[in-house]
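Right, one structure below, let's go through it.
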Amino acid sequence: MITLTHYLILTGLLFAIGLVGVMRRTNLLMLFFSTEILLNAVNIGFVAVSKYYGDFTGRMFAFFIMPWQPVK
Amino acid sequence: MFETAVIVETVVKAVIVVAVVAAMAGFATFIERKVLAFMQRRLGPMHVGPYGLLQLAADGIKLFTKEDIIPQNAIKPIFMIAPVVAATSAFVAMAAVPYFPEFTLFGYTIHPIISDINVALLYVMGVASVGIYGPLLAGMSSANKWSLLGAARAVVQMLSFEVVSGLSILAPIMLIGSLSLIDINDYQSGGISNWLIWKQPLAFVLFAIAGFMETNRAPFDTVEFEAEVVAGYATEYSGMRWGLFFIGEYANMITISVLVSIIFMGGYAPLGFIPGAVMMLLKVSFWIFLFLWVRAAWPHVRPDQLMWVCWKVMMPLAVVNILITGFVLI
Amino acid sequence: MTLNDFKKRDCSGDYIFFEGEKKSENGWEAFQRVMKRTLKGELFVGLWVVLREMIRFDIHTLKYPAEKMEMGPRYRAIHRLLRLFESGSERCIGCGLCEKICIAKCIRMETRIDEKSRKEVSEYSINFGRCIFCGYCAEVCPELAIVHGVEYENASEQRAHFGLKEDMLTPLDTFRAKEQKEFSGFGALSDHADETVKQTPLAY
Amino acid sequence: MYETVAFYIFSILTLGMFGIVVMSKNALYAMSALAGGMIFISGFFFILDAEFLGVVQIVVYSGAIMALYAFGMMFFDTTRDVSEKMRSKKIAYTLSILSAILIVAILCIPLVSESIEASYPAIENVGNIQMVGLILFTKYLVPFELAAIMLLVAMISGIVLASKKMDEHLAIEEDECEMLKEGK
């Protein structure tokens, strides 16, 4: 059975990948790609927490993170 | 065990849908050639089989046995994966589309929809818009300038029509109050007068135009228009990879036809003595015929005209439509 | 003449300038034009035209290898040399007019006096690499000996395969089967001319 | 059972895709891998019963944003490799792993503290989208409006940036004449 911990570990791993990207890349476009990975990783975390606590706040947060991308 | 049964049923349905739609896409190429020929006073394919019916088999054999050319400077993995993306996204979009009313077979009720998610409409449109990755990746990996131009046009076109199709579909959604295609279908089950096309004619027209853009069909096929960009993104493709693009395009056409029939034209609701399934088939065939008909009759538009009409005409109209609908609802 | 002079030159007498559609000056006119075009329903006229053709089902396809187009007598394809209907001997009397009039200089004939001290054409050839199919040879021939045929499928290994005398002359067996067609004259009307062309005004 | 299988498949795919994004030298590889990863992430949202978010993920990220990026990429030569200068490799990797652990720790705090309670518990018999709509337009109305205003500001600034040269009309005809004259 998948628990919240699984999702949080996944979020951590993805976040680590994104951070490696942010530090490794010098190209502007590639930097944007890496930041997208970071945001998405956090999104998964929020949604997982919201699901396992039966609370919609996490989802709302994830929802509000999404429009940041086009703004960028 | 119940879960397993559901999974098995879903897989069977998915296989059936993929097989049937792929076959229909192949048949649609034959129909297209015939209809275009008749409209231009020609006969079309006649020599393979009775009335050229086996022409699609011949085409299939040819595509499968043709050499798969990959240009030397192309980025190989992306080049190879792009047609697969185009075809899969077209088929994946069909997961949330109900085709027929539910029926009982051997005492077992079958819902002819692979997965009834409650955001079906958004899902179908989103996944269909992912199909733009096919042309995009193909164009960017081909190391060919025609292909790159085609890909650029694909992106521009997609950004334009996506706004229009999203906004135009919003007004019917406000009326119905659900994103599920089954709910939308049930909303207009009371005969022709209940069809949404009468309540939302503007949204219908806008959505139909956006559908033509989405499938890269005739008046808006700037992406692969021969006279301007040789074959657009597909310039470097040959054999079955090119064929996959083709299947994707026709599968998209079928999806859009089904979508328009369900949202605006009453879907699979039975009409008088005609059962619902037949109504659905009739509507879908009419829409596919309309796609071919328009291709035979109308000239192409330039990409700048396309963007102009999207952003300056259709988008304001869609917004006005939403506003009016909102006021009427209040 | 510079480009500006060229653009300003007086050519009012020679040309008719087509102005085309007036360009819209401001946004309002552009909007009007769009509305007019949208509501006029021109697009549906196009749709109707193709649908009408489809319903009418007036197919003009010629399934080429199976069916062949019937060529009119004016068609100028590979030359034929005809035989006399009475005797079956060649019509050509070797006068050399065709050789003389040929503007492409592609006809070449060799003649000699035979045993009965009559002029006989021993060799006759047309270089189809040079022939422009002008039809002067057929026009000038006093005996209607050289004519243009209707054979338009000219695929062969060599051009010379059509240009020798034995290729062009009506074969004897065809002649005996009475299948040699008489040349109706250069510039003759086609067979169905009355159906396709109106009669001369005095006839009605 | 199927949820587990799906979770692991999606995790492996997402990690692999994002790994390619970070490690690949080719911009086109990176872009297509990122797009793939985004779509797989929407798979997680579907597993987590957040269909609306999943679909929005597909539409917004994979549909619009990535297309924008792709359009940006067309100005580069995608067949050539991107040059990367790696300065201090070890520091980068250590820092990122450390911060990742920090993130996990922060996210794990609710696990440890038991006193947390759902402020918006999911209501029975109310669909996912209705729920999203209810909360979005009651408690989170102000952030929602702010997001909309933010998008509007971004759009206007983008148009202003792009359209600086729009009013300079092209004087091709005169130039052409000059060039032709000189040519003669």
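The values are calculated or read from the model by the stated rules, or taken from the named source; none is laboratory data. The model shown is predicted, which means the values in this text are computed figures rather than measured ones. Every residue, glycine among them, receives a Cβ derived from its backbone with ideal geometry; neighbour counts consider all protein chains shown. We work out accessible area using only protein heavy atoms, side chains counted, and drop any ligands, DNA or RNA first. Shrake-Rupley method; radii C 1.70, N 1.55, O 1.52, S 1.80 Å.
Kindly state, to the nearest 0.05, the FRET efficiency for C:V197 paired with C:E42, given R0 = 22 Å and r defined as their beta-carbon distance.
0.05
Find the sum over both chains of the accessible area lost when B and D are paired, probe 1.4 Å, and report it in Å² to the nearest 100.
Answer for the B-D pair: about 2500 Å² buried.
Provide the per residue accessible area, probe 1.4 Å, for the protein assembly as shown, rounded to a whole number of square angstrom.
55
Obtain the nm distance between the two label points defined at D:L13 and D:Y93 by a simple spin-label model: each point lies 7 Å from its Cα along the Cα-to-C-beta direction.
So the label points at D:L13 and D:Y93 sit 2.9 nm apart.
If you place +1 on the Cβ of every Lys and Arg and -1 on the Cβ of every Asp and Glu, how big does the dipole about the Cα centre of the protein assembly as shown come out, in debye to the nearest 20?
Charge dipole of the protein assembly as shown: 860 debye, to the nearest 20.
Please compute the modelled spin-label separation between D:M23 and B:Y108, points set 7 Å along Cα→Cβ, answer in nm with one decimal.
So the label points at B:Y108 and D:M23 sit 4.4 nm apart.
Please turn the phi angles of the stretch B:125-130 into ³J(HN,Hα) values with the Karplus equation 6.51 cos²θ - 1.76 cosθ + 1.60 (θ = phi - 60°), one per residue in order, whole Hz, x for glycine and proline.
Each residue of the stretch B:125-130 in turn: 5, x, 5, 5, 6, 5 Hz.
Would you please give the FRET efficiency between C:K119 and C:H60, computed as 1/(1 + (r/R0)^6) with r the Cβ-Cβ distance and R0 = 56 Å, to the nearest 0.05?
My answer for the efficiency is 0.65.
Using alpha-carbon pairs under 8 Å, 6+ residues apart, how would you state the relative contact order of the stretch C:49-204 in percent?
Answer for the stretch C:49-204 is 29 percent.
Trypsin sites (Lys or Arg not before Pro), restricted to the stretch C:77-139: which are DSSP loop and have at most 15 other Cβ atoms within 10 Å?
Counting only loop positions with at most 15 other Cβ atoms within 10 Å, the trypsin sites (Lys or Arg not before Pro) in the stretch C:77-139 are C:K105, C:K116, C:R118, C:R130.
Using a 1.4 Å probe on the protein chains only, how many percent of the accessible area of the protein assembly as shown belongs to carbon and sulfur?
65
Going by amide H atoms built from the backbone, whose H comes under 5 Å of the H on B:G49, apart from near neighbours?
B:L54
Please express the shape of chain C as an equivalent ellipsoid: the semi-axes are the square roots of 5 times the eigenvalues of the C-alpha gyration tensor, given largest first in whole angstrom.
55, 27, 18
Give me the one-decimal nm value for the distance between modelled label points at C:C134 and C:S190, 7 Å along each residue's Cα-to-Cβ direction.
Distance between label points: 2.6 nm.
Would you mind giving the total buried accessible surface between chains A and D, with a 1.4 Å probe and ligands, DNA and RNA left out, rounded to the nearest 100 Å²?
In total, this chain pair buries about 6000 Å².
Excluding C:T196 itself, what net charge comes from residues whose Cβ is under 15 Å from its Cβ, given Lys and Arg +1 and Asp and Glu -1?
Summing Lys and Arg as +1 and Asp and Glu as -1 gives -2.
Short version: ³J(HN,Hα) in whole Hz for each residue of the stretch B:221-235, in order, from phi by Karplus 6.51 cos²θ - 1.76 cosθ + 1.60 (θ = phi - 60°), x for Gly and Pro, what are they?
Whole-Hz 3J(HN,Hα) from phi for the stretch B:221-235: 8, 5, 5, 9, 7, 4, 6, 9, 10, 2, 10, x, 5, 8, 4.
Set the bar at 20 Å for Cα to Cα. Now go through C:K68/C:K105; B:K76/D:K25; C:K63/C:K198; B:K76/B:K145 and name every pair that lies beyond it.
Among C:K68/C:K105; B:K76/D:K25; C:K63/C:K198; B:K76/B:K145, the Cα-Cα distance tops 20 Å for C:K68/C:K105; C:K63/C:K198.
Report the Cα centroid-to-centroid distance between the stretch B:37-95 and the stretch B:205-225 in angstrom, as an integer.
20
Between 0 and 90 degrees, rounded to the nearest ten: what's the tilt of helix C:27-40 against the longest Cα principal axis of chain C?
Once rounded, one gets 60 degrees.
Distance from the Cα centre of the stretch C:67-102 to that of the stretch D:26-40, in angstrom?
Each part's Cα centre sits 74 Å from the other's.
Could you calculate the FRET efficiency of C:K178 with C:V150 from 1/(1 + (r/R0)^6), where r is the beta carbon distance between them and R0 is 25 Å, rounded to 0.05?
So the FRET efficiency works out to roughly 0.90.
Mind running the shape call on the stretch A:4-68? Use the C-alpha gyration tensor, a ≥ b ≥ c as the square roots of the eigenvalues: rounded below 1.5 for a/c, prolate if a/b tops b/c, oblate otherwise.
Because a/c hits 1.5 or more and a/b fails to exceed b/c, the stretch A:4-68 counts as oblate.
Which ³J(HN,Hα) values, rounded to whole Hz and listed in residue order, are derived for the stretch D:43-59 from phi using the Karplus coefficients 6.51, -1.76 and 1.60 in 6.51 cos²θ - 1.76 cosθ + 1.60 with θ = phi - 60°, glycine and proline given as x?
Using θ = phi - 60°, the values come out as x, 4, 4, 5, 4, 7, 6, 10, 4, 4, 4, x, 5, 4, 4, 4, 5 Hz.
Is the protein assembly as shown rounded, prolate or oblate when judged by the Cα gyration tensor, a ≥ b ≥ c being the square roots of its eigenvalues, rounded requiring a/c under 1.5 and prolate requiring a/b larger than b/c?
The shape class here is prolate.
Buried accessible area between D and C (1.4 Å probe, both chains summed, ligands and nucleic acids excluded), in Å² to the nearest 100?
Summed over both sides, the interface buries about 400 Å².
Hey, how many Å between the Cα centroid of the stretch A:6-48 and the Cα centroid of the stretch C:33-56?
Centre-to-centre (Cα) distance: 54 Å.
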